[in-house]
Amino acid sequence: GRLTISLLSFWNLPTAAQIIIESVSFNTTEGRDALLLVHNATENILGYSWYKGERIENNQLIISFRVDNQVNITGPAHSSREIIYPNGTLLLQNATQNDTGYYTLLVTKNDLQRESATVQLLVYPPVTKPIIEANSTTVTELKDTAVLKCLTNDTDVSTRWLFNGQSLLLTERKTLSQDNRTLTIEPVRREDAGDYQCEVSNPGNSSLSDPLRLDVKCKRPLTCGLMLYLPGGFHYP
């Protein structure tokens, strides 16, 4: 079968992404280990060699392994963080952003025929925990506007909002700024009371803020908790 590589990135629990070489990139985060797993290599293997980059050049050799005598040899591109296993799998320890790039595996068979495959590794910086800032955490229904901001120093990250642990559903009253970092609720209603969080992420990892509790006061305290039946269903007075 076709030579394939899959990549594991692990911090807590490993999660695998099956990769068909030459066409798929893989994302990981600084500080994690990346495991380049070799699959579908045919029998009668003489040795495996890993190179930094898309081409097989001696000055870009990271490490090689000879199967018959179980010996590995490090090359000029070895950083002391790479380990090769007897099946050709390469472990890259404590990845840094400098490790971003292409990696090429050369498989040499006993009849000296060769197969090669290339994979791209993208290493992203870790995302720091964001903080939510609000214009007020206690607002009055049908009167006040709540403005919540997701504060982060990270760049090139995407932002999403959660309400009571679930993805926030936007409505005509709930809108986001162009960068998704500012949530505006205008006007506030009773059902908007609860816990708000924002999550920032890049392709390698994500981080969730602590919850911010929004309390909504009744506009008319005497009718608090009452509901009126009007055409179309129950409504707050």
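The values are calculated or read from the model by the stated rules, or taken from the named source; none is laboratory data. Since the model is a prediction, treat every value here as computed from it, not as a measurement. Here the Cβ positions follow ideal geometry from the backbone for every residue, glycine too, while neighbour counts run over all protein chains shown. Each accessible area value is taken on the protein alone, full model and side chains, heavy atoms only, with ligands, DNA and RNA left out. Shrake-Rupley method; radii C 1.70, N 1.55, O 1.52, S 1.80 Å.
Rg and Dmax of the range 34-166, based on Cα coordinates, read 24.1, 81 Å.
Neighbours of Ser136 by Cβ distance under 14 Å: Lys/Arg scored +1, Asp/Glu scored -1, total -2. Equivalent ellipsoid of the range 163-222: semi-axes from √(5λ) of the C-alpha gyration tensor, largest first, are 26, 14, 8 Å. Calculate, for the range 20-177, the solvent-accessible area per residue in square angstrom, rolling a 1.4 angstrom probe over the heavy atoms of the protein chains. With the other protein chains kept in place, the range 20-177 gives 54 Å² per residue.
With the highest mean first, a sort of the peptides 71-78, 119-126, 45-52 on other beta-carbon atoms found within 10 angstrom per residue produces 45-52, 119-126, 71-78. Here's how it looks for Thr29: its modeled amide H is under 5 Å from those of Tyr124, which are all 5 or more places away or on a different chain. Only lysine pairs 8 or more places apart, or on different chains, with alpha-carbon atoms under 26 angstrom apart are counted in the range 33-191, and they number 5. Sequentially through the range 86-103, phi angles give Karplus couplings (6.51, -1.76, 1.60; θ = phi - 60°) of x, 8, x, 4, 10, 9, 10, 8, 6, 4, 10, 5, 5, 7, 4, x, 9, 10 Hz, Gly and Pro residues having no value and appearing as x. Amide H to amide H distances under 5 Å link Leu168 with Trp161, Leu162, Phe163, where only residues 5 or more positions off or on other chains count and H is placed in the peptide plane. Taking all protein chains as shown and a probe of 1.4 angstrom, Phe163 keeps an accessible surface of around 40 Å².
Taken one residue at a time, the phi angles of the range 27-37 give Karplus couplings (6.51, -1.76, 1.60, θ = phi - 60°) of 10, 9, 10, 3, x, 7, 9, 10, 10, 9, 8 Hz. Gly and Pro are set to x.
Amide H contacts under 5 Å for Asp144: Val188, restricted to partners 5 or more places along the chain or on a different chain, H placed in the peptide plane at 1.01 Å from N. In a Debye calculation with equal point scatterers on the alpha-carbon sites of the range 95-189 and no solvent, what is log10 I(q)/I(0) at q = 0.12, 0.25 Å⁻¹? Taken in order of the listed q values, log10 I(q)/I(0) reads -0.59, -1.30. Overall dimensions of the range 101-149, expressed as equivalent-ellipsoid semi-axes from the Cα gyration tensor (√(5λ), whole Å, largest first), are 60, 10, 7.
Rounded to the nearest 10 square angstrom, Glu133 shows an accessible area of 100 square angstrom against a 1.4 Å probe.
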